[in-house]
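Before any comments, here is the structure.
Please treat every number below as a calculation from the coordinates, not as lab data. Computed from a predicted structure; not experimentally measured.
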Amino acid sequence: MPRTSWTRRTLAALAAGVLLPLGAAACSTGHARGGTVASSPVGKVLDDTDESGRHLREVGRKNAPEVGVEVTPDSGGWHVRLTFRHFRCSAPGAGSTAVTGRGLVYLFVDGRRITRLRSHEYHLPDGLVPHGTHHVTARLYADDGTVWAVHGKPVQSTADITVSDAETAPGASPTAR
């Protein structure tokens, strides 16, 4: 049966009417709009935030990212070594979409953000940890800026270090606890 031009136009209009709305939905960028974080197929973005105001991204305990932190004395400061499980640091310039088990690490000393890391190691200058006991925390973030979380708590690990008076003496080295 030969198709006339009006049949082709009708079919084209019908296809456009059905497919265009589906295509527009598929073209969503997944970026934040109006101060909120857009949903992602990875976990669930919660209304809760960490102390810096970043939303938590809840994932199940099974295969959730994990981080461990070890701090040891180093010349002129402290050597921070991170271990990961089910997590990998994203390369610089990575997209701003949450990807399962990927992202970056923020390092905090006594609750104050010191640096953003995309590696397993960092040299913490001794000037950032004066006399006393300090808490060094590594917290995992997705590439979209949300905090990886399990059971409503950020995925993080903390190590305590104590700097004593002996470290001010010449040739003395700091001690980790």
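Details
- Under 5 Å from the amide H of D74 lie the amide H atoms of H79, each residue being 5 or more positions distant or on a separate chain, with H modelled from the backbone and absent for Pro and chain starts.
- ³J(HN,Hα) computed for each position of segment 148-155 - Karplus, 6.51 cos²θ - 1.76 cosθ + 1.60, integer Hz, glycine/proline x: 4, 9, 10, 6, x, 10, x, 7
- Contact order normalised by residue count of segment 81-157, Cα under 8 Å, 6+ apart, percent: 32 percent
- The H on the amide N of R88, modeled in the peptide plane, is under 5 Å from the matching H of R102, G103, each at least 5 residues off or on a different chain.
- Sequence-distant residues sharing a close amide H with V155 (under 5 Å, placed H): L140, W148, A149, V150
- Segment 70-124: relative contact order as a whole-number percent, Cα under 8 Å and 6+ apart: 38 percent
- Contact order normalised by residue count of segment 107-152, Cα under 8 Å, 6+ apart, percent: 41 percent
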